[in-house]
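Right, one structure below, let's go through it.
Each value in this text was obtained by applying a stated rule to the coordinates, not by laboratory testing. Owing to the predicted nature of the structure, the values given are computational and were not obtained by experimental measurement. FYI the Cβ positions are ideal-geometry reconstructions off the backbone, even for glycines, and counts take in every protein chain you see.
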Amino acid sequence: MHDQFLRLQLKFRELMLGEDGQDLVEYGLIVTAIALAALGGIQHFASAVVTLFTNIDSSLA
């Protein structure tokens, strides 16, 4: 178990010090930005659907 942790720690350090680590951070930021934009879009869509069904409900009542 200790050897696996050491290997993981060394790999993490290698990624952070090398150019590959920088690429991973940039990709992580891009994925985060896309996820936040998708969440915002989904919230807007959900709000529009609720409004649509509310209008349908009030017109049927």
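Below, the figures for the structure above:
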quantity	calculated
Residues that are among the aromatic types (Phe, Trp, Tyr) and outside any helix (DSSP H, G or I), drawn from segment 3-50	none
Pairs, first without any contact (Cβ under 8 Å) to a residue 40 or more places away in the chain and under 22 Å from residue 11 (Cα atoms) in segment 21-44, second assigned to a helix (DSSP H, G or I) and not small (Gly, Ala, Ser), C-beta under 8 Å, six or more apart	21/14; 21/15; 24/15
Residue list for segment 51-61, restricted to those being of a type outside the set (Val, Ile, Thr) and either surrounded by 10 or more Cβ atoms within 10 Å (Cβ to Cβ) or in a helix (DSSP H, G or I) (or both)	52, 53, 55, 57, 58, 59, 60
